[in-house]
Amino acid sequence: MTFLEKIKPHLISEDILIQEVVMHALHDYPNIPEEWTNELLKEAFRNNEKLSSILIYVDNQTFNEEAVKILIENIPLMDPSKRQLAVKLVQRIEPELALKYKEQLQGYIPKHTWNLYELLLHGSEEEVYSEYGQILNDLERAGSKQHDFYIKAKKLAACLVKKGWVTEDEIDLVLEDEFKEKWFSFNGTLTVYMIGLLKTQRYIPLLVSLLDRDDDSLLEEVSVTLTSFQSDEVVKEVAPYLRKDNSIIYAASIVENIKSDFGVKVLREAYRSAKELDHRDILIEALCHQLSEEALPEINEHMKLDYSSGLVDIEQTVYGYFSILGLKHRELAVWRQVAMERELDFRLQGNDLPLSPVRNNNKVGRNDSCICGSGKKYKKCCGK
């Protein structure tokens, strides 16, 4: 069975713990059927207990016309304290579809964004490139609004790719200049994003070499782009970075989301060679999200270790893995109880599920402690 075939029966689960594991496993996987997104949105608005979790974790998925209608129908009915989660999804709707429903959506999208959508659909190459250059300049001095400008820049970059106004020769020139510098500019980071849209696999070794960089904005785009190829060539190139402390988080995320037998093999080998307990946590989570029974020896071995994880909700992750695959384990009920107690304790403290990353000038690195105070690293909490 494929990854999607295994997870499909559990897409909507009555067990909140399994539902969250499903959402974690799907979050960065690029090939999710659009009808699944629609089902998840319907479930979010049916079940208030799942609302935040689902709306947070579908942000990478594609919203078709039915999804737009679901949002339009339900946003006005939402608790105002959670409405912003759905409004963020509205801002990710493709411009053409957003304009089709402008009358219903205009209260959630700023006027200047509607002007941008018109440009994306009807602007000339010169006009779009001019706006793209202006946004790149704005990004350099955007301050707290940097994330908003970056989203606009990505829409413009996607337009340039879609209309064939970007060539590989131009990408080569940008990358040549960027690799001379210690830090990638926004133009360089967005060029990595364009490579993912173009699916140009000859850049794989070059992109993988960036995993040693200490730049989370860049590494986010590198991770998404490499994952989008769904290629064992990527897994082969990334494998050495699973053994490095400064790159294991992103490397594991990439291999975790390339659903292949070779990906499972590489993760298992990395786990067996890992010395640090934190590294083992990361690798076990990646193996669980692969949903392969081949990983059972490593997962069973890991759950015998007597220590408390500070990176991963390991009991919930493994409980979800066994439950989704229909496997039995004598500790299954214990894992569920531990996971539920942790979940209830978190909510009793007045917390909801973690929100999307906060992006500002004082960026939190994925290896830093999370700003929410959970004790986990940022990548494994609010940085998800």
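Brief remarks on what is shown
- Comparing Cys159, His302, Gly143 along the charge dipole axis of the chain, the residue lying farthest to the positive side is His302, per the Cβ-charge model.
- Mean Cα-pair separation over length for the chain, i.e. relative contact order, pairs under 8 Å, 6 or more apart, %: 14
- Entry comment: accessible area of the chain is 47 Å² per residue, from protein heavy atoms only and a probe of 1.4 Å.
- Of Phe184, Phe262, the order by accessible heavy-atom surface (1.4 Å probe, DNA, RNA and ligands excluded), from most exposed downward, is Phe262, Phe184.
- Computed with a 1.4 Å probe on the full set of protein chains, the accessible area for Met303 sits at about 40 Å².
- Rounded tilt (10° steps) of 146-162 against the dominant C-alpha axis of the chain: 70
- Largest-first principal axis extents of the Cα set of the chain (Å): 64, 51, 39
- Remark on the range 224-278: ratio of C-alpha radius of gyration to 2.2 N^0.38 Å is 1.02.
- Per-peptide packing, taken as the mean over residues of other Cβ atoms within 10 Å, places 276-285, 39-48 in the sequence 276-285, 39-48 from highest down.
- Of all accessible heavy-atom area on the range 1-157, the percent that carbon and sulfur account for (1.4 Å): 46
- Degrees between helix 34-46 axis and first principal axis of the chain (Cα, 0 to 90, nearest 10): 70
- Contour minus Cα-Cα distance for Glu233 and Glu170 (0.36 nm per residue): 20.2 nm
- Distance cut-off 11 Å, percentage of C-alpha pairs in the range 15-56 lying past it: 64
- What you get for the chain, charging only the Cβ of Lys and Arg (+1) and of Asp and Glu (-1), is a dipole of about 680 debye around the Cα centre.
- Gyration tensor (alpha-carbon) shape descriptor, the range 97-191, a/c threshold 1.5: oblate
- Estimated [θ] at 222 nm from DSSP helical runs (n ≥ 4, -39500 (n - 2.57)) normalised by residues in the chain, nearest 500: -18500 deg cm²/dmol
- Measuring only protein heavy atoms, the 1.4 Å probe finds Glu49 accessible over about 100 Å².
- 0 to 90° range, to nearest 10: angle between helix 16-27 axis and the chain longest Cα axis: 50
- Percent RCO, i.e. relative contact order, over the range 19-120, from Cα pairs under 8 Å lying at least 6 residues apart: 23
- The distance linking the range 195-272 with the range 1-76 is 25 Å (Cα centroid to Cα centroid, whole angstrom).
- Over 25 Å between alpha carbons, listed pairs Lys265/Lys328; Lys162/Lys259; Lys100/Lys145; Lys50/Lys265; Lys50/Lys236: Lys162/Lys259; Lys100/Lys145; Lys50/Lys265; Lys50/Lys236
The values are calculated or read from the model by the stated rules, or taken from the named source; none is laboratory data. Note that the structure is predicted; figures quoted are calculated from it, not measured. Note that each Cβ is placed from the backbone with ideal geometry, even for glycine, and that neighbours are counted across all protein chains shown. Accessible surface areas use protein heavy atoms only, side chains included; no ligands, DNA or RNA. Shrake-Rupley method; radii C 1.70, N 1.55, O 1.52, S 1.80 Å.
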